[in-house]
Each structure stands twice: as structure tokens, then as C-alpha cells.
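K.L.:
Dropping a structure here in C-alpha cells format, bear with me for questions.
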Amino acid sequence: MSVLFIASLGLTELFIGLFIILIPLTLVFWIIAIVDLVQRQFQDQTNKIVWALVVLIFPFLGSILYFLIGRKGGVKR
């Protein structure tokens, strides 16, 4: 039944559904990245500032990059 329902949706409905799912997910992921960034101690404060700018300017992609690359540079307090 659910497959038939998804198949009957138009492109607009699918995009709206994706946005309803992705926007809150992005917001939660972004907040977790900011909290983690604030709690970490970096050797060089410049790295922390650069990561903060990346996460704030590009919320979704910046958060993913921070968790994949940036967390390795800091130590959790």
C-alpha cells in the first residue's frame, strides 16, 4: 500500500516531503556540531574559528565536514 502511495505522489509532493524531513534533521545536526565545537579544545584557536565559520555559513555540509575532519583536531574538555 505504501509503495502505491509513494508512486502516486507528484514531484512537488516528494520535494515537500523531503524538505519536511531534511530541514529538522539538518537543524539538529547543525546544533550538535556547534555544541561539540564549543566544547572542544584546539591547539590553535584559528582552527576553531575557521571551523565555526564553516559550520555557521554552510550548516549541512559544514557540519558533515566538521564531524569527518574537524573533530580530529580538537580534544574534548
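The values are calculated or read from the model by the stated rules, or taken from the named source; none is laboratory data. All figures in this text were calculated on a predicted structure; none of them were measured in a lab. Here the Cβ positions follow ideal geometry from the backbone for every residue, glycine too, while neighbour counts run over all protein chains shown.
K.L.:
When only residues in the stretch 9-54 that are at pLDDT 85 or above and of a type in the set (D, E, K, R) count, which is farthest from the chain's Cα centre (by Cα)?
P.N.:
Step by step, filter the stretch 9-54, then rank; the result is ASP44.
K.L.:
Specify which of the listed residues (PHE42, PHE67) is hydrophobic (A, V, I, L, M, F, W, C) and touching an Asp or Glu at 6+ places or on another chain (Cβ under 9 Å). Full working, then the answer.
P.N.:
Details: PHE42 fails: touching an Asp or Glu at 6+ places or on another chain (Cβ under 9 Å).
Residue meeting the stated conditions: PHE67.
K.L.:
Okay, moving on. Please specify each residue of the stretch 20-49 satisfying the condition of being of a type outside the set (Asp, Glu) and surrounded by 14 or more Cβ atoms within 10 Å (Cβ to Cβ).
P.N.:
So in the stretch 20-49, the residues of a type outside the set (Asp, Glu) come out as 20-35, 37-43, 45-49.
Correct list: THR26, PHE29, TRP30, ALA33, ILE34, LEU37, ARG40, PHE42, ASN47, LYS48.
K.L.:
Same structure, new question: Select, from ILE6, ILE64, the only residue that is modelled with pLDDT of 85 or more, surrounded by 10 or more Cβ atoms within 10 Å (Cβ to Cβ) and not in a strand (DSSP E or B). Steps first, please.
P.N.:
Working: ILE6 fails: modelled with pLDDT of 85 or more.
Within the list ILE6, ILE64, the selection yields ILE64.
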